[in-house]
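Down below is the structure, laid out as structure tokens.
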Amino acid sequence: MELNSKALKELGTRLVETRLKLELSLSEDSKNAFEAEFLDISFSQVSPVDRWINNIYSRSEARDSDPLVLELLCELYKKLDGLEMMLSKESKSFLELKYEAYSTFLGHGVIVLEDSKNLEPFKEYYARLSLPVFPTREVPLFATLEPEGILKITKMGKKDIEDFDNYIALVERESIRNLKLS
């Protein structure tokens with residue numbers, strides 16, 4: 001999708017080209033259920049092992065530990081926990097959302113959709129974005145669809161905003177590095 005220069009100026013952010021999957025529905029379809037899932041996903045990102053590690057750091061008991069190794073161990077624990085839940089049939093399921101879309105560009109606070117013809121402009125949507133950060137996860141958000149397929153994010157968890165913005169910066173750095181190499 002090509003954005004006109006006026007639309008780009010109004011965004012107030014640089015855009016990076018990336019294709020990420022989103023699932024979304026009109027938020028008015030099931031506002032309470034979407035709010036509950038938003039809170040559940042946003043707060044469930046901190047697992048008991050993460051809390052334990054944070055507690056160790058706050059008491060300065062991990063000052064001689066390698067943070068990367070601790071992070072990898074935490075993620076390994078979460079994978080094992082997920083496998084255990086799957087085997088015991090306790091896997092987390094998300095609400096079914098009506099639409100599937102892909103981004104073409106991301107900017108701070110905005111997502112430009114590849115195709116928005118099935119979506120209603122000027123309406124609020126609840127969405128889950130598959131964000132490829134470590135660890136990969138679904139990021140819940142609320143956004144309003146503007147003309148030209150631009151989703152303006154209106155609500156996102158604090159940690160999700162940090163990871164979203166960091167992902168944008170990472171893609172931007174990779175793009176600059178690729179330009180230098182070519």
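Restricting attention to the range 112-133, the residues being assigned to a loop (DSSP other than H, G, I, E, B) and in contact (Cβ under 8 Å) with a residue 60 or more places away in the chain number 6.
Cβ separations smaller than 6 Å between residues 6+ apart or across chains give the following pairs from the range 168-182 residues that are aliphatic (A, V, I, L, M) to residues that are surrounded by 10 or more Cβ atoms within 10 Å (Cβ to Cβ) and at pLDDT 90 or above: Ile168/Val16; Ile168/Leu106; Val171/Val16; Val171/Thr18. Answer yes if at least one residue in the range 148-157 is at pLDDT 95 or above, among the small types (Gly, Ala, Ser), under 17 Å from Glu37 (Cα atoms) and surrounded by 14 or more Cβ atoms within 10 Å (Cβ to Cβ), and no otherwise. Within the range 148-157 (the criterion being at pLDDT 95 or above, among the small types (Gly, Ala, Ser), under 17 Å from Glu37 (Cα atoms) and surrounded by 14 or more Cβ atoms within 10 Å (Cβ to Cβ)), the answer is no, since none of the residues qualifies.
Of all the criteria given as (1) at pLDDT 90 or above; (2) open to solvent by less than 70 Å² (accessible area, probe 1.4 Å), the one not satisfied by Met85 is (1).
What is the residue count in the range 158-182 for residues that are closer than 14 Å to Phe105 by Cβ and open to solvent by 30 Å² or more (accessible area, probe 1.4 Å)? Looking only at that region, the number is 2.
Do we have Glu162 as of a type in the set (Asp, Glu) and assigned to a strand (DSSP E or B) here?
Details: of a type in the set (Asp, Glu): yes; assigned to a strand (DSSP E or B): no.
Spelling it out, it is not the case that Glu162 is of a type in the set (Asp, Glu) and assigned to a strand (DSSP E or B).
Considering each residue of the range 96-111, count those that are on the phi < 0 side of the Ramachandran plot, open to solvent by less than 60 Å² (accessible area, probe 1.4 Å) and assigned to a loop (DSSP other than H, G, I, E, B), and give that number.
Kept after step one, since they are on the phi < 0 side of the Ramachandran plot, are these residues of the range 96-111: 96-108, 110-111.
When the remaining residues are screened for being open to solvent by less than 60 Å² (accessible area, probe 1.4 Å), the result is 97, 99, 101, 103-107, 110-111.
If we keep only those that are assigned to a loop (DSSP other than H, G, I, E, B) too, we end up with 97.
So the count comes out to 1.
If the condition is being of a type in the set (A, V, I, L, M, F, W, C), at pLDDT below 70 and closer than 30 Å to Ala143 by Cβ, then the range 34-82 contributes only Val46.
Residues of the range 114-145 that are of a type in the set (A, V, I, L, M), within 14 Å of Ser25 (Cα to Cα) and open to solvent by less than 10 Å² (accessible area, probe 1.4 Å): Ala127, Leu129, Leu141, Ala143, Leu145.
The values are calculated or read from the model by the stated rules, or taken from the named source; none is laboratory data. Treat the numbers as computed from the prediction; the structure is a model and nothing was measured. A quick note on method: Cβ atoms are made from the backbone with ideal geometry, for glycine too, and the neighbour counts reach across all protein chains shown. The protein model used for the area step is the full one, side chains on, heavy atoms only, and it has no ligands, DNA or RNA in it. Shrake-Rupley method; radii C 1.70, N 1.55, O 1.52, S 1.80 Å.
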